[in-house]
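Novice: This is the structure I have questions about; it appears just below.
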Amino acid sequence: MKRQLKSYFYGGIHPSDGTDKLLSNQTPIKYYVPKRIEISMMQSIGHVSKCIVDIGDRVTLGQLIGIPQEFGTANIHASVPGIILDIIKVDDEHDGVYDVVVIETDNNFDINELYHNKDYSKQLKDISSYSRETLISSMKDGGIIGMGGAGFPTHIKYETNKTIDTVLINAAECEPYLTCDHRIMLEFPFEIINGVNLMIKAANANKATICLEDNKADAAKKLQEILENSNLPIKVKLLATRYPQGGERQLIQAVIKKEIPIGKLPAELGVIVSNVATAKALADMTFNETPLITRCITITGFVNKPSNYMVPIGTLLNDLISESGGISIDGDNKIIHGGPMTGTCIASNSNGNGLIGGVLKISSGIVVLGDEEIIESPCIRCGRCERVCPAGLAPFKIDFAAIENDLSLCDKLYATECISCGACSYVCPARRELAWRITIAKNEIFNQRHKNGGK
């Protein structure tokens, strides 16, 4: 196991002291099965699958209930056996509509039976009988997407015609408070290494590196112990704990020591990056014929019992807050879906009972934090945002252009290279909403390019 304490990407910050992770990273994963779930046909932002079931249908565990209808979407499966009670029509942010399938769970369903006591959870598997084409089909059939947040269908990455040398497994989990990836590495190490080995073959790559921040040394040790005498072309590398170490481009800079050219993908450098939970999902699909129907999610912050849960996709967020003992802070609070740096605020001043929606394939956490009013003041041109920007941008300049709605200037200032990590807003002494405005400008530039045929 190689230990690497220096940060090898530009910029970055230390948004926490580690006590946030301690709220939930020492407690074993809890298994929870709700009486009712709501599976959205939009499992990642802006990408909608087509519902192929009806109200009153009985569905079996893992049954296909949604199919891709556009680029960037993936298969969706029933995460519990049961009866479809309703199909809710929901308006999205772009004047579209998507379905949410409501299923009443059969009483005898036990989520523990899905994964425990399987041979691939106890030993390394021989994968010589699996072809690259078979593995990519498994990714597609299983509805496997990137589980680190982006939610891009995994099979599309691995269908590349580029020559791939290395698969990087993103296990950095650099967001404050989130610990679900940490826990699955501790509790499902064989599944993860078996999945990584499958990814090497699917990419036709030479090797893989599992990349962890050094605040997860216990997980790195467990993985390394399995790899010790395996002769697998897989390394474990500890990286400096520095946000956003888990950004795709930042991870490549830190490990491969190369930068992805503007407008290019990692495959151009002979690299594919996949999340560690995605590796486990591929092992589950390949060896257990279980599509992506569950995920581990962190419920933390101001809740009475911060925990990680393994739950069916579609588990109601309300239920998980309740299962965690409810919200422990009186007065102002905000509930964030995802991490505090890149997540979305879904409620404020809430007791946790009125949350709408269920767990998605990309749901890494629900974080409850104290809330406070943010009052922006004029930029003092201190340059802090520029010094910490991991993309090497000048956020304050793009912010000025965004306020003036000058998208052409935003584009010239490379707003499209922003990774929306929030580091600039975090360090800004004027408390300016830099990341928010730059992200809006970035998305609008991409929308205009799409309307103009990609130009």
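All of the numbers you see were taken from the coordinates with simple rules; none came from a lab. Please read these numbers as outputs of a predicted model, since none were measured by experiment. Because the Cβ atoms are built from the backbone with ideal geometry, glycine has one as well, and the counts that use them run over all protein chains shown.
Novice: Run the lone-cysteine check on the chain: no other Cys C-beta under 4.7 Å from the residue's C-beta.
Specialist: CYS51, CYS174, CYS211, CYS345, CYS379, CYS382, CYS389, CYS410, CYS418, CYS421, CYS428
Novice: Measuring from centroid to centroid over Cα atoms, what is the spacing of the range 51-87 and the range 407-421 in Å?
Specialist: That distance is 38 Å.
Novice: Can you run phi through the Karplus equation (6.51, -1.76, 1.60; θ = phi - 60°) for the range 120-131 and list ³J(HN,Hα) in whole Hz, with x for Gly and Pro?
Specialist: 6, 8, 10, 8, 6, 9, 7, 10, 4, 7, 9, 8
Novice: Please compute the length gained on full extension between LEU85 and ARG431, using 0.36 nm multiplied by the number of residues separating them and subtracting their Cα-Cα distance.
Specialist: Contour length minus the Cα-Cα distance gives 120.0 nm.
Novice: Turning to a different aspect of this structure: When a footprinting reagent is the concern and you count Cβ atoms within 10 Å, what order do THR27, THR278 take, fewest first?
Specialist: Going from sparsest to densest Cβ surroundings: THR27, THR278.
Novice: Between PHE446 and LYS162, take the C-beta separation as r, use R0 = 22 Å, and let me know the FRET efficiency to the nearest 0.05.
Specialist: According to the calculation, E is roughly 0.45.
Novice: Further, regarding this structure: How many angstrom lie between the C-alpha centres of the range 98-129 and the range 346-397?
Specialist: Answer, in whole Å: 34.
Novice: Could you give the length gained by full extension between TYR414 and CYS345, i.e. 0.36 nm per residue of separation minus their alpha carbon distance, to one decimal place?
Specialist: 22.2 nm
Novice: For labels at ASP54 and TYR10 in the simple 7 Å Cα→Cβ model, what's the distance in nm?
Specialist: 5.8 nm
Novice: Would you mind pulling out the separation of the Cα centroids of the range 216-254 and the range 139-163, in Å?
Specialist: 21 Å
Novice: Evaluate E = 1/(1 + (r/R0)^6) for GLU113 and GLU259, where r is the Cβ-Cβ distance and R0 equals 45 Å; express this FRET efficiency to the nearest 0.05.
Specialist: 0.50
Novice: Compute for the range 136-176: radius of gyration divided by Kirkwood radius, i.e. Rg/Rh, restricted to C-alpha atoms, rounded to two decimals.
Specialist: Ratio of gyration radius to Kirkwood radius for the range 136-176: 1.02.
Novice: Calculate the tail of P(r) for the range 304-455: the fraction of all Cα-Cα distances greater than 25 Å, expressed in %.
Specialist: Roughly 44 percent, rounded to a whole number.
Novice: Tell me, what HN-Hα J-couplings in whole Hz come from the Karplus equation 6.51 cos²θ - 1.76 cosθ + 1.60 at θ = phi - 60° for each residue of the range 81-91, using x for Gly and Pro?
Specialist: x, x, 10, 7, 7, 6, 10, 8, 8, 10, 7
Novice: Would you please put 434-447, 258-271 in order of how densely packed they are, using the mean number of other Cβ atoms within 10 angstrom per residue and starting with the highest?
Specialist: Peptide ranking by packing, descending: 434-447, 258-271.
Novice: Going by amide H atoms built from the backbone, whose H comes under 5 Å of the H on ILE65, apart from near neighbours?
Specialist: ILE76, HIS77, ALA78
Novice: Stokes-Einstein diffusion coefficient for the range 1-98 at 20 °C in a medium of 1.002 mPa s, Rh from the Kirkwood formula over Cα pairs: what value in µm²/s?
Specialist: 122 µm²/s
Novice: Cut-off is 10 Å between beta-carbons; in what order do GLU70, GLU417 appear when sorted fewest neighbours first?
Specialist: Fewest-to-most ranking of GLU70, GLU417: GLU70, GLU417.
Novice: A further question follows. Given the DSSP H assignment, sum -39500 (n - 2.57) over each helix run of at least 4 residues in the chain and divide by its residue total; what's the result at 222 nm in deg cm²/dmol, nearest 500?
Specialist: About -7500 deg cm²/dmol.
Novice: Of the listed values (1) 4, 20, 28, 27, 16, 4, 0, 0; (2) 4, 20, 31, 29, 13, 2, 0; (3) 4, 16, 27, 27, 17, 7, 2, 0, grab the one calculated as P(r) over Cα pairs in 10 Å bins from 0, in percent from the structure here.
Specialist: Only one listed value fits the structure, namely (2).
Novice: Set Lys and Arg Cβ to +1 and Asp and Glu Cβ to -1, take the dipole of the range 1-110 about its Cα centre, and tell me which of ALA74, VAL33, GLY11 lies farthest positive.
Specialist: GLY11
Novice: Using θ = phi - 60° and the Karplus relation 6.51 cos²θ - 1.76 cosθ + 1.60, list the HN-Hα couplings for the range 155-168 in order, rounded to whole Hz, with x at every Gly or Pro.
Specialist: After applying 6.51 cos²θ - 1.76 cosθ + 1.60, I find 4, 5, 4, 7, 7, 4, 9, 6, 7, 9, 9, 9, 9, 9 Hz.
Novice: Could you work out Rg/(2.2 N^0.38 Å) for the range 284-325, with Rg from alpha carbons only?
Specialist: For the range 284-325, the normalised Cα radius of gyration comes out at 1.38.
Novice: How high is the relative contact order of the chain, in percent, with contacts defined as C-alpha pairs under 8 Å that are six or more residues apart?
Specialist: So the answer I get is 19 percent.
Novice: Using the Cα centre of the range 183-329 as the reference point, and only Cβ charges (+1 on K/R, -1 on D/E), how large is the resulting charge dipole? Debye, rounded to the nearest 20.
Specialist: About 480 debye.
Novice: Assign one of three labels to the range 67-111, namely rounded, prolate or oblate, based on the Cα gyration tensor with a ≥ b ≥ c the square roots of its eigenvalues; rounded applies when a/c is under 1.5, prolate when it is not and a/b is larger than b/c, and oblate otherwise.
Specialist: Taking the square roots of the gyration eigenvalues as a ≥ b ≥ c, the range 67-111 is oblate.
Novice: In addition: Only bridges with both residues in the chain count here: give the DSSP antiparallel percent, nearest 5.
Specialist: DSSP beta bridges in the chain are roughly 65 percent antiparallel.
Novice: At q = 0.12, 0.15, 0.18 Å⁻¹, what is the base-10 log of I(q)/I(0) for the range 382-450 according to the Debye formula with one equal point scatterer per Cα and no solvent? Please give it to two decimals.
Specialist: So the normalised log intensities are -0.25, -0.38, -0.55.
Novice: Same structure, new question: Where the only charges are on Cβ atoms (+1 Lys, Arg; -1 Asp, Glu), what is the dipole of the chain about its Cα centre, to the nearest 20 debye?
Specialist: The calculated dipole for the chain is roughly 1760 debye.
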